[in-house]
Amino acid sequence: MRIAIVGAGSLGTIVGAYLADGGMDVELIDAYQEHVDALNQTGAKVIGTIEFQAKVKAITPEQKSGFYDLVLLLTKQLYNESVLKELLPYLHEESIVCSLQNGIPEEHVAAIVGAERVIAGSVEFGATFIEPGVSSLTTAYPQFKKYAFQIGELDGGHTERIQRVKEVLDLVGGTHISDNLVGTKWSKLLINNAFSGLSAALNGTYGDILDHETGIRSAVHIVDETIKVGHANGVAFVTMNGFDIASLELQSEKDIPARIQALRHVMEPSRLLKASMLQDLEKGRKTEIHYINGVVSSKAKDVNLKTPYNDLVVRLVEAAEAEQNVPQFDHNIRAFEQLLQIKQLNV
């Protein structure tokens, strides 16, 4: 099986390292020339919660050749239109494109490459790009090896090809097949909304959010908004890492302490993670905020629900993008404090 990792950034570097070490014929494809050069010269180096290095083959997008049997799509959704159209000549009739992107991109991916080629996936570990050739695994290693991916057919079926993809990804970390693709993606979206969104909006790690009373309370409300909007859109959330995500919904304000405790327990292995959207802001780049928290804000309008916490995250990240700066935690946390105060007054 010939494999392409399209978007070999923080996550793709780690995935490529383990696949190459496992004997797979894999190419890491990335537009960052210095990164490609470092990968070819010294290999893919993984640091953080594990120390690991593997010899890999890396190329830039214009160096693609032949056909790929499996494509692991790890680019940002911002670039899907151009990336996927450029990929088409390198796909054969039975090629598989496995979307491992944040958000819910499958409909757009399928529209370009064909629904029959698409398998969807959810990455359940975190990573930070350190420098060319080096990525830091920020999820606790035992958790990573147990829960690294969820994948599923668009129709929820169990097929021979989904089993093949699972066997490939198992070389990286624990891979689980989902028969509820939509639920899988929304469950991952929920975590991204609460912690990636706040990480970018505040400029902090997941641990900073977990340890800050206003931060964790805001995360609880973001989670609740996401669950309510998902349910209103017919979504059945799936368990993640063995945890019932839907159980985090608030029935009343009295539930908040228990939800804080549950979130702190579930997210503890990821406390070192810094959102990729925050890394984008640090580099002066556009983020995927409209494909993360913005999805909930958008879909809430269709079902007449209010999502003030997700909306605030979107506004703060948009402001940082427009000003090309990195948010200040102590400053932006005040906006969430004010929102919580308004919430209390309305209870």
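The values are calculated or read from the model by the stated rules, or taken from the named source; none is laboratory data. Small disclaimer: the values here were computed from a predicted structure and weren't measured. No Cβ is skipped: glycine too gets one built from the backbone with ideal geometry, and neighbour counts run over all protein chains shown. Keep in mind that these areas ignore ligands, DNA and RNA; they rest on the heavy atoms of the full protein, side chains included. Shrake-Rupley method; radii C 1.70, N 1.55, O 1.52, S 1.80 Å.
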Legend entry - the range 37-45 - phi-based ³J(HN,Hα) in whole Hz, Karplus 6.51/-1.76/1.60, Gly and Pro as x: 4, 5, 4, 6, 7, 10, x, 8, 10
Legend entry - Calculated Rg and Dmax of the range 41-101 using C-alpha coordinates, Å: 14.1, 39
Legend entry - C-alpha long axis of helix 308-323 to longest principal axis of the chain, angle in °: 60
Legend entry - Stretch gain in nm, segment GLN63-GLU167, where the contour uses 0.36 nm per residue and the Cα spacing is subtracted: 34.7 nm
Legend entry - Loop-located trypsin sites (Lys or Arg not before Pro) in the range 223-301, at most 16 other Cβ atoms within 10 Å (DSSP): LYS283, ARG285, LYS286
Inset, instruction - Among PRO132, LEU78, GLY16, pick out the residue whose Cα is farthest towards the positive end of the charge dipole of the range 3-179, where Lys and Arg carry +1 and Asp and Glu carry -1 on C-beta, about the Cα centre. - result: PRO132
Legend entry - (i) 0.96; (ii) 0.98; (iii) 1.01, with the label sought being that of the calculated Rg/Rh (Cα atoms, Kirkwood Rh): (i)
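So if I place +1 on the C-beta of Lys and Arg and -1 on the C-beta of Asp and Glu, and nothing else carries charge, what would the dipole magnitude of the chain be about its Cα centre? I want it in debye, nearest 20. All intermediate terms of the calculation are to be shown ahead of the outcome.
On the way: 31 positive and 44 negative charges, 93 e Å.
Charge dipole of the chain: 440 debye, to the nearest 20.
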Legend entry - Compactness relative to 2.2 N^0.38 Å, alpha carbon Rg of the range 183-345: 0.95
Legend entry - Cα-based Rg / Dmax (Å) for the range 3-179: 14.9, 42
Legend entry - Where GluC sites (Glu not before Pro) fall in DSSP loop in the range 47-87, at most 15 other Cβ within 10 Å: GLU51
Legend entry - Distance from the range 289-347 to the range 208-253 (C-alpha centre basis), Å: 15
Legend entry - Accessible area per residue, Å², the chain with all protein chains present, probe 1.4 Å: 42
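Per DSSP H run of n ≥ 4, the term is -39500 (n - 2.57); total these for the chain, divide by its residue number, and report the mean residue ellipticity at 222 nm rounded to 500 deg cm²/dmol. Write out the running numbers ahead of the final one.
Values: 15 runs with 160 residues, N = 347.
Calculated from helices alone, the mean residue ellipticity at 222 nm is -14000 deg cm²/dmol.
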Legend entry - Degrees, to the nearest 10: 213-232 long Cα axis against longest axis of the chain: 70
